[in-house]
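The values are calculated or read from the model by the stated rules, or taken from the named source; none is laboratory data. Predicted model, so just to flag it, every value in this text is computed and none were measured. Here the Cβ is made from the backbone with ideal geometry for all residues, glycine too, and neighbour counts use every protein chain on show.
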Amino acid sequence: MATHVIYKLGPFTVPEFDGERHVRVYLPTERPEAGPLPVLYAFDGQNIFHNGPSYCGGWYLHHAVHDLTEAGKEAPVIVGIDHGGAQRVHELSPFESEESRGQADHLLRWIADELMPRINKEFRVRRDPAGTAIGGSSMGGLAALHAHFTRPDLFGAALCMSPSLWFADGRIFEHVAARPSPPTSRIYIDAGAHEGQMLTDAERLVQHLRERGYTDTDLLWCPDPYGQHSEQHWRKRAPSALEFLFSGVPGPDYAQPEPVQTAA
């Protein structure tokens, strides 16, 4: 059985936010001949590894990374950024609304100015946009899409699982449409048939990106006919998502066995 070591850094303070948070880092199995590894910065760090820190179950991304490495495939370093509890809705929303102060750009600034330099110093990770992704689910998926189009100089790929595109009256659609496509861009998007409007909104986003010229090598759309809004379902889809982000090829576990119908 593989031994998985997850480094817990911090606690950190983030300007504009109350309290402290940790950052959790997992490295693929060392290969003497390997150069710097790609890296995924993931929101909601409490949820992406073990069940323990999460109130609703973990994604076990360390297992997915280990399996990719064992198969001889490109696997990223995972940097999980803990959310701030009650502050989460503020720190992951790019837009002010009745529900949020819209402070995602404050969090992105801290990632760029403080966290990434430390990760670059302590771990052998790539520093180019093509080797650096950002991702999350729900509000984290929304924040990741925003980060990719706002800071393409840093993040050349985005993992958007069940993104909350509806938030703040869907302003993310206007935001993305108003910005040029990042010079380096690979985007993974999914949603489940049992997530109501999220599936419809995700289909709208995918159509927009296709019209802008995104192809199957830089955009993977994974509608899940059985998908629900839960960590369990994101865990199931994560291995294929990771493989696509850093290779352009969907993982073998991705399949769409039947047309997806929006839940009533």
Review point. Would a scan of the stretch 229-240 turn up a residue that is in contact (Cβ under 8 Å) with a residue 60 or more places away in the chain, touching a helix residue (DSSP H, G or I) at 6+ places or on another chain (Cβ under 6 Å), of a type outside the set (Ser, Thr, Tyr) and within 25 Å of residue 132 (Cβ to Cβ)?
Key: yes
Review point. How about the stretch 171-182: which of its residues are within 19 Å of the chain's Cα centre (by Cα) and more than 14 Å from residue 211 (Cα to Cα)?
Key: 172, 175, 182
Point to revise | Considering residues of the stretch 164-194 that are within 30 Å of residue 128 (Cβ to Cβ) and of a type in the set (Gly, Ala, Ser) only, the residue surrounded by the most Cβ atoms within 10 Å (Cβ to Cβ) | key: 191
Point to revise | residue 149 being more than 27 Å from residue 4 (Cα to Cα), surrounded by fewer than 21 Cβ atoms within 10 Å (Cβ to Cβ), in contact with a His (Cβ under 8 Å, 6 or more places away or on another chain) and not β-branched (Val, Ile, Thr) | key: no
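So which of 152, 239, 223, 183 ends up being part of a helix (DSSP H, G or I) and either at pLDDT 95 or above or out of contact with any Pro (no Cβ under 8 Å at 6 or more places or on another chain) (or both)?
Going through 152, 239, 223, 183 in turn, just one is part of a helix (DSSP H, G or I) and either at pLDDT 95 or above or out of contact with any Pro (no Cβ under 8 Å at 6 or more places or on another chain) (or both): 239.
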Review point. Only one residue in 197, 228 is within 16 Å of residue 139 (Cα to Cα), touching a Phe, Trp or Tyr at 6+ places or on another chain (Cβ under 6 Å) and surrounded by fewer than 20 Cβ atoms within 10 Å (Cβ to Cβ). Which one?
Key: 197
